[in-house]
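Participant: My questions all concern the structure below.
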Amino acid sequence: MIDLKLLWRDWRGGQLNLVVSALVLAVMVVTAVSLFADRVERGLNQQISSFLAADLALSGGIEISDEYRQQADTLGLQVAETVRFRSMVFAGNRNHLAAVKAVDHAYPLRGEMELSATLDAEQVITRARGPESGEAWVEARLLNLLDIQLGDTVEVGYVQLKITHLIVNEPDRGTGFSGTGARLMMSTQDLAASQLIRPGGRYSYRLLMRGDAPALKAYSDWFEQQQEALEAEAVPHYRLLTPENAEEQLSEALQRGRAFLLLSGTIGVLLAGLAMALASQRYASRLTDQVALMKAWGQSSASIRRSQFFRLFMIAAVATVVGVALGWFAHYLLLEVVRGVLDVVLPLPGWRPWLVATITGFVCVLGFALPALWHLPRIEPLRVLRRDLPDTLIGQGRRLLIGIGALLLLAYWYSGSLVVATLFLVALFALFAVCALVAMQILRLVRGFGSWRGSYTRLGLANLWRRRGQTLVQLVGFSTTLMLLLVVTGMRTNLIAEWEAQLPDTTPSHFVFNVSTPQVEPVKALLDGHGVTTTDWYPMVRGRLVAINGEAISRERMARSDGLSREVNFTQTENLPEGNELVAGEWWAGTEIASAPRAEFSIEEEVATEIGLVLGDEVEFSIGGLRFSAEVTSIRSVNWQSMTPNFYVVFYPGLLDKYSPNWITAVRGGDDTKQNRGALVQQAPFVQAMVKQFPTAVVLELRDVIERIRDVINRVTQGLELILFAVLACGGLVLFAAIGVSFDERMRENAILRTLGSSRRIIVGALTVEFATLGLIAGLIAACGAEIVLYFVQTNLFDLSPQWHWDLWLLGLVSGVGLITALGLLRSRPIISTPPLESLRQLA
């Protein structure tokens with residue numbers, strides 16, 4: 001009971017405020033991030049469990065071969081087929097690029113369709129089969145986009161379909177597919193009449209299977225044998241999906257995302273821990289007399305240590321509970337950020353976030369607060385009478401090592417990798433070191449500046465230099481956090497706008513693709529008739545590399561390349577494509593093109609380096625299950641920012657003719673459309689004519705792509721900003737704690753100054769100069785660091801001409817000065833308001 005009374009007295013005396021506040025903030029940041037990541041992961045995993053609408057699904061970019069369906073029939077498995085693709089859907093003069101899914105009558109094999117025959121979402125009916133021929137089921141937003149109602153008809157390709165139901169939910173809805181446009185479901189019986197399936201188009205085929213476990217296991221084994229027998233030929237085109245492996249791959253990605261968010265929150269834990277360490281040092285120094293007195297009364301060191309442990313346990317328990325509660329509310333703000341991107345019902349979290357938050361709270365106390373109090377029981381009882389005796393508190397170096405160890409432990413637990421945790425902390429401390437170095441040099445300049453200014457200016461700047469150790473700690477914490485905030489703000493507000501502004505007038509306004517070979521000339525004529533120009537036309541077929549110099553490519557080797565780790569589009573052309581430069585080998589243009597195509601191709605240089613291709617290598621390709629070989633005769637660099645059709649692999653002209661390619665081109669509007677790119681939909685009549693006359697062709701507007709990129713960047717940076725604002729609050733606690741460490745010294749100095757005749761105005765002025773200069777330096781370092789980071793983002797990621805961001809410099813300087821000055825004066829209010837005599841009595 002006496003320990004609780006002592007703890008309550010310390011709390012009322014204000015000695016524990018900073019320790020508890022820092023701990024609460026650290027736990028709140030980790031709780032919010034953990035809950036957010038856990039709920040998103042659980043929601044997606046639940047969706048994955050019903051992702052297949054079946055027990056097994058064979059997926060591929062080409063039509064499923066009959067042998068795979070026959071094997072399923074042989075094993076007694078129920079089967080259903082689906083085809084997914086994008087297509088323009090028409091209703092009168094309106095159209096929309098919809099996400100179309102054609103299903104047969106047996107779909108779905110697992111789960112049920114949730115439909116509505118009215119606009120009232122509460123009147124849901126369930127169906128265990130797909131739509132009938134002549135019907136279309138659509139997502140509700142398609143009605144608004146096309147200005148139609150239930151019962152109206154829409155054109156999908158060359159077939160008219162009647163909208164009979166609204167889709168509320170479907171078992172294999174998926175997240176990526178629904179994001180490409182409003183959904184429309186039709187029967188596979190109408191595919192032939194629609195003429196939407198063309199050779200070389202972009203389609204996703206699935207063979208769904210349902211059955212008992214032995215039959216499913218037999219099919220999986222047979223599929224694996226097929227892959228081995230065909231020497232990996234089946235791998236490029238078909239993939240067997242199960243709820244387990246689909247969930248495994250998604251979980252791996254989600255775990256990486258969780259680790260990234262938690263490591264971002266580690267910055268807040270570090271600053272909060274630093275504030276706790278500083279506040280605990282002052283708290284420990286205040287307890288030395290109390291401990292000496294208790295030992296003088298005969299209390300043993302063991303009982304005193306037990307008392308300290310009990311008080312720290314109570315502090316950790318209470319602060320963790322409060323932090324967890326605040327984190328629960330804070331994580332809803334993060335969920336609001338992703339709402340609209342993740343079309344997923346998020347379940348309640350599991351036990352892991354609560355455990356993460358709880359352990360974080362107790363590790364922070366043990367790593368940052370306990371070291372300052374550990375040696376208190378060793379204080380001599382005589383110190384009650386003799387203040388000159390040392391207090392034997394643990395040294396700052398050892399406390400720093402303990403704190404780094406605690407932080408490494410938390411980072412390792414968050415990331416699950418000691419290497420990642422170590423590299424993250426090394427990079428973080430390197431950033432701190434650079435900020436400290438720059439801050440130290442600026443402080444030296446400020447010191448010289450203060451020697452010839454007014455009295456309170458000189459006094460305020462002298463305070464910064466005299467307490468330069470504390471000043472550096474505050475500058476590192478604030479400048480780093482402000483820099484990160486400026487970086488994400490700049491990415492959200494400036495980069496996309498700068499990229500769009502630097503697009504030349506010749507930048508395409510639309511892309512036209514999925515045009516079959518017989519349609520190319522009529523489409524060209526239509527575009528010429530509307531006065532728009534096009535870039536070169538390129539035929540496309542989908543395929544992938546399967547062997548190099550007669551040796552099958554391993555999955556590990558293909559994984560080195562982002563570009564070729566999946567099926568990609570190949571093309572053929574006589575001339576070097578726009579935005580491409582030859583870096584090795586010879587191009588076939590300028591020579592007489594052979595009537596019989598030569599087995600040659602050109603590859604992009606980064607991909608060639610990643611998978612180890614050189615000139616003269618013989619590479620085997622697979623297109624639609626058909627395999628052929630070609631030689632590497634040139635290597636190209638590609639300007640991927642040119643916004644024109646670009647390809648990793650370009651073949652000799654005519655080599656792809658027999659694979660039924662579809663064609664793509666980039667469209668540039670006339671003068672009127674260049675100046676009004678934002679309203680291009682209304683000023684491009686060729687779009688309406690094009691998709692009406694050639695419904696299988698797809699017209700994609702560049703503005704849609706930019707808006708999608710901008711929306712993703714906005715949401716990601718908003719989420720990071722929310723985390724960083726909490727981190728900034730931890731930086732504010734570092735300022736409070738640093739002032740607290742020198743609080744007694746400041747009280748004594750100001751009391752002496754007031755006694756010698758200095759006015760309150762000089763005291764306030766000196767403090768204002770001190771904190772405003774601190775904020776100015778922090779803002780300057782933050783703005784400079786953010787500008788450097790954004791420079792590399794501009795030049796390396798966006799390939800832009802670098803630009804200064806004067807608005808970020810202004811924001812950094814103003815926010816740094818305003819925030820730190822306000823917080824500093826708030827913390828120093830007792831120093832300003834306490835009369836000199838009372839100050840000296842309190843410190844006696």
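Participant: Does Val769 satisfy the condition of being among the β-branched types (Val, Ile, Thr), free of Cβ contacts under 8 Å to residues at least 60 places away in the same chain, assigned to a helix (DSSP H, G or I) and crowded, with 17+ Cβ neighbours inside 10 Å?
Facilitator: Details: among the β-branched types (Val, Ile, Thr): yes; free of Cβ contacts under 8 Å to residues at least 60 places away in the same chain: no; assigned to a helix (DSSP H, G or I): yes; crowded, with 17+ Cβ neighbours inside 10 Å: yes.
Answer is no for this residue.
Participant: Starting from the range 512-532, take each residue that is over 25 Å from Ile197 (Cβ atoms) and list its partners that are surrounded by 15 or more Cβ atoms within 10 Å (Cβ to Cβ) and not small (Gly, Ala, Ser), counting only C-beta distances under 7 angstrom and pairs at least six apart or across chains.
Facilitator: Every condition considered, the pairs that remain are His530/Phe686; Val532/Val667; Val532/Arg668; Val532/Phe686.
Participant: Let me ask something else about it. Limited to the range 604-639, what total is found for residues that are at negative phi and free of Cβ contacts under 8 Å to residues at least 24 places away in the same chain?
Facilitator: To start, the set of residues in the range 604-639 that are at negative phi comprises 604-611, 613-615, 617-623, 626-639.
Retained after the next criterion (residues that are free of Cβ contacts under 8 Å to residues at least 24 places away in the same chain): 609, 614.
Going through the range 604-639 one residue at a time, the tally reaches 2.
Participant: Within the range 76-106, work out how many residues are touching a Leu at 6+ places or on another chain (Cβ under 8 Å) and at pLDDT 90 or above.
Facilitator: 10
Participant: Give the residue that is nearest to Tyr203 (Cα to Cα), with candidates limited to residues of the range 528-541 that are at pLDDT 85 or above and touching a strand residue (DSSP E or B) at 6+ places or on another chain (Cβ under 6 Å).
Facilitator: The extreme case among them is Val541.
Participant: For residues in the range 781-790 being at pLDDT 85 or above and surrounded by fewer than 21 Cβ atoms within 10 Å (Cβ to Cβ), which is nearest to the chain's Cα centre (by Cα)?
Facilitator: Let us first name the residues in the range 781-790 that are at pLDDT 85 or above, namely 781-788.
Among the residues that remain, those that are also surrounded by fewer than 21 Cβ atoms within 10 Å (Cβ to Cβ) are: 784, 788.
Values: Cys784: 24, Ile788: 21 Å.
Among them, the one singled out is Ile788.
Participant: Restricting attention to the range 87-94, does a residue exist that is in the same structural domain as Pro171 (by TED's automatic domain parsing), of a type in the set (D, E, K, R) and in a loop (DSSP other than H, G, I, E, B)? Let's see the steps before the verdict.
Facilitator: Taking the range 87-94 and keeping what is in the same structural domain as Pro171 (by TED's automatic domain parsing), we get 87-94.
Keeping just the survivors that are of a type in the set (D, E, K, R) gives 94.
If we keep only those that are in a loop (DSSP other than H, G, I, E, B) too, we end up with none.
No: the range 87-94 contains no residue that is in the same structural domain as Pro171 (by TED's automatic domain parsing), of a type in the set (D, E, K, R) and in a loop (DSSP other than H, G, I, E, B).
Participant: Sticking with this one: Residues that are modelled with pLDDT of 90 or more and over 20 Å from Ala552 (Cα atoms): which strands (runs of 3 or more DSSP E) entirely in the range 601-652 hold 1 or more of them? Don't jump to the end; show me each part of the working.
Facilitator: Values: elements: 618-623, 626-638, 649-651.
Counting at least 1 such residues, we get 626-638, 649-651.
Participant: Same structure, new question: Any idea which of Leu115, Leu166, Leu161 is in contact with a helix residue (DSSP H, G or I) (Cβ under 6 Å, 6 or more places away or on another chain), free of Cβ contacts under 8 Å to residues at least 60 places away in the same chain, in a strand (DSSP E or B) and of a type in the set (A, V, I, L, M, F, W, C)?
Facilitator: Leu166
Participant: Can you confirm whether Pro108 is outside any strand (DSSP E or B), out of contact with any Ser or Thr (no Cβ under 6 Å at 6 or more places or on another chain) and crowded, with 22+ Cβ neighbours inside 10 Å? Quick ask: steps written out before the conclusion?
Facilitator: Numbers: outside any strand (DSSP E or B): yes; out of contact with any Ser or Thr (no Cβ under 6 Å at 6 or more places or on another chain): yes; crowded, with 22+ Cβ neighbours inside 10 Å: yes.
Against the criterion (outside any strand (DSSP E or B), out of contact with any Ser or Thr (no Cβ under 6 Å at 6 or more places or on another chain) and crowded, with 22+ Cβ neighbours inside 10 Å), Pro108 qualifies.
Participant: Also, quick follow-up: Could you give every pair whose Cβ atoms fall below 8 Å, whose first residue belongs to the range 16-36 and is in the same structural domain as Gln308 (by TED's automatic domain parsing) and closer than 10 Å to Leu733 by Cβ, and whose second residue is acidic (Asp, Glu) and assigned to a helix (DSSP H, G or I), counting only separations of at least 6 or pairs across chains?
Facilitator: So the pair list comes out empty.
Participant: Same structure again: In this structure, is Val27 part of a helix (DSSP H, G or I) and at pLDDT 85 or above?
Facilitator: Numbers: part of a helix (DSSP H, G or I): yes; at pLDDT 85 or above: yes.
The answer is yes for Val27.
Participant: While we're on this one: For the range 266-308, give me the residue count where each residue is at pLDDT 75 or above and within 40 Å of the chain's Cα centre (by Cα).
Facilitator: Final tally of qualifying residues: 15.
Participant: Go through (1) more than 30 Å from Phe90 (Cα to Cα); (2) at pLDDT 80 or above for Asn714 and report which single condition fails.
Facilitator: (2)
Participant: Of everything in the range 280-312, what is outside any helix (DSSP H, G or I) and of a type in the set (S, T, N, Q)? Give them in sequence order. Even if it seems obvious, please write down each step before you answer.
Facilitator: Taking the range 280-312 and keeping what is outside any helix (DSSP H, G or I), we get 297-300.
If the condition is that a residue be outside any helix (DSSP H, G or I) and of a type in the set (S, T, N, Q), then Gln299, Ser300 are the ones that fit.
Participant: Please determine whether any residue of the range 739-756 is at pLDDT below 85, loosely packed, with under 13 Cβ neighbours inside 10 Å and more than 30 Å from Leu437 (Cα to Cα).
Facilitator: So far as the range 739-756 goes, yes, one or more of its residues are at pLDDT below 85, loosely packed, with under 13 Cβ neighbours inside 10 Å and more than 30 Å from Leu437 (Cα to Cα).
Participant: Could you list, in sequence order, all residues of the range 749-760 that are over 13 Å from Ile831 (Cα atoms) and touching a residue at least 12 places away in the same chain (Cβ under 8 Å)?
Facilitator: Matches in the range 749-760: Thr755 only.
Participant: Right, here's the next one. If I ask for residues that are modelled with pLDDT under 80 and part of a loop (DSSP other than H, G, I, E, B), which ones from the range 548-588 would you list? Quick ask: steps written out before the conclusion?
Facilitator: Residues of the range 548-588 modelled with pLDDT under 80: 552-567.
Ile553, Ser554, Arg560, Ser561, Asp562, Gly563, Leu564, Ser565, Arg566, Glu567, listed by residue number.
The values are calculated or read from the model by the stated rules, or taken from the named source; none is laboratory data. Since we're looking at a predicted model, the values are computed, not measured. Neighbour counts are summed over all protein chains in view; Cβ atoms, including those assigned to glycine, are modelled from backbone coordinates with ideal geometry.
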